[in-house]
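Report on one structure; see the data block that follows.
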Amino acid sequence: MYDITIYILAITAIFEFAAIAFVFISKSLLHSVISLTLAFIVNSALFLVMGQPFLAIIQLFIFVGGISTYALVGVASSSFSKFPHTNKAAFVAVFVIFLAVISYPLLTANISSIGTSAFTPLQVKIGITNYMGLFYLITAMLFGVAISAIILFKSLGRLK
Amino acid sequence: MIEQLFIIISFAVFALGVAGIVSSRNIVIMLLSTEVILLSATLLAVVFFNFNAGGEILPLLFTIWAIAAAEAIMVIVFYRYLVSSKSSLDIKVLSKLRE
C-alpha cells in the first residue's frame with residue numbers, strides 16, 4: 001500500500017542526509033553552502049511526498065530563493081583560505097549518540113493518540129504533479145545559473 | 001505508521017545539525033548547522049500538520065521560516081564583518097575577543 005511512498009521517501013532521505021553531511025565534510029565554505037542548498041531542495045521534495053505542494057513551494061521560495069541565494073552570494077564574494085574544519089570522528093559520534101537518545105522514546109510512542117492522520121497513499125499523487133515538476137525544473141535551472149555565474153566570475157578574477 | 005519514518009528523518013536531520021555545531025570550530029559552519037536544525041523543525045511541523053492540526057501548526061511553521069531567513073542574514077553579516085576585519089573564523093579565537 002505504501003510501497004512507492006516508502007521508496008520515494010527512502011531515496012529523498014538518503015539524498016538529504018548526504019547533502020547535509022557534505023556541508024560539514026566539505027573543505028570549502030562555498031561547497032558547504034551549495035550542498036546546503038541541495039538539502040533545502042530535497043527537504044521541500046519531502047513535503048511533496050507528504051502531499052503538501054503549497055508548503056513545498058513556500059519552502060522552495062524562502063529557503064532556496066531567499067536564504068540560499070543570499071548565503072551563496074555572500075560566501076562567494078570573499079574567500080577564506082584558512083579556517084578550521086569539522087572534526088569528522090566527533091561529528092559521527094555525536095550524530096549517532098544524539099540520534100539514538102532522541103529517537104528512543106519514539107519506538108514506544110503511540111503517535112495516533114495525537115489525532116487522526118490525514119496521510120494516505122494518495123497524498124503522494126496530490127503532491128507530485130506536473131506543475132510541481134516545473135517548479136523544480138526552474139529551481140534547478142536557476143541554481144545551475146547561479147553556480148555557473150560564480151565559477152565564471154571566479155575565473156575572470158583569476159585572469160586579472 | 002509512515003509518519004514515524006518522517007519523524008525519524010527529521011530527528012536525524014536535527015542530530016546532524018547538533019553534531020555539526022558540536023564538532024565544528026568554524027563559526028560559519030556552526031551557523032549553517034543552525035539552519036539545518038531549523039530545517040528539521042519545518043519538517044516536523046509539516047508532519048504534525050498532516051495530523052488533524054486544523055492549521056494551528058502553520059503560525060509555528062511561518063515563524064520558523066522567518067527565523068531561518070533572519071539567521072541567514074546574520075550569517076552573512078558575521079562572515080562579511082570577519083572577512084573585512086581580517087580576523088579568524090575559528091570560534092576559539094573569536095571567544096578571546098571579549099577578554
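The values are calculated or read from the model by the stated rules, or taken from the named source; none is laboratory data. Quick caveat: nothing in here was measured; it's all calculated off a predicted structure. Neighbour counts run over all protein chains shown; Cβ positions are idealised from the backbone, glycine included.
Points worth noting:
The rows are residues; the columns are (1) outside any helix (DSSP H, G or I); (2) within 7 Å of another protein chain (Cβ to nearest Cβ).
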{"residue": "B:Leu16", "(1), (2)": "no, yes"}
{"residue": "B:Ile29", "(1), (2)": "no, yes"}
{"residue": "B:Ala45", "(1), (2)": "no, no"}
{"residue": "B:Glu56", "(1), (2)": "yes, no"}
{"residue": "B:Thr63", "(1), (2)": "no, no"}
{"residue": "B:Ala66", "(1), (2)": "no, no"}
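- Condition met for A:Leu134 (within 10 Å of another protein chain (Cβ to nearest Cβ) and at pLDDT 70 or above): no
- Restricted to helices (runs of 4 or more DSSP H) entirely inside region A:1-68, those with at least 1 residues that are more than 21 Å from B:Leu16 (Cβ to Cβ) and within 8 Å of chain B (Cβ to nearest Cβ) are A:3-25, A:53-59.
- Residue match in region A:76-93 (condition: under 26 Å from B:Ala69 (Cβ atoms), facing chain B (nearest Cβ under 9 Å), under 17 Å from the mean Cα position of the chain (by Cα) and in contact (Cβ under 8 Å) with a residue 60 or more places away in the chain): no
- Checked against the criteria, B:Met74 counts as among the aliphatic types (A, V, I, L, M), loosely packed, with under 14 Cβ neighbours inside 10 Å, more than 7 Å from chain A (Cβ to nearest Cβ) and touching a residue at least 40 places away in the same chain (Cβ under 8 Å).
- Only one entry of A:Ala140, A:Ala90, A:Ala146 meets the criterion of being surrounded by fewer than 15 Cβ atoms within 10 Å (Cβ to Cβ), over 29 Å from B:Ile2 (Cα atoms) and at pLDDT 80 or above, and that entry is A:Ala90.
- Positions within region A:45-62 being touching a residue at least 24 places away in the same chain (Cβ under 8 Å) and within 18 Å of B:Ile37 (Cα to Cα), in sequence order: A:Ala45, A:Leu46, A:Phe47, A:Ala56, A:Leu60
- The one condition in (1) more than 13 Å from the chain's Cα centre (by Cα); (2) surrounded by 16 or more Cβ atoms within 10 Å (Cβ to Cβ); (3) in contact (Cβ under 8 Å) with a residue 12 or more places away in the chain that A:Val42 fails to fulfil: (1)
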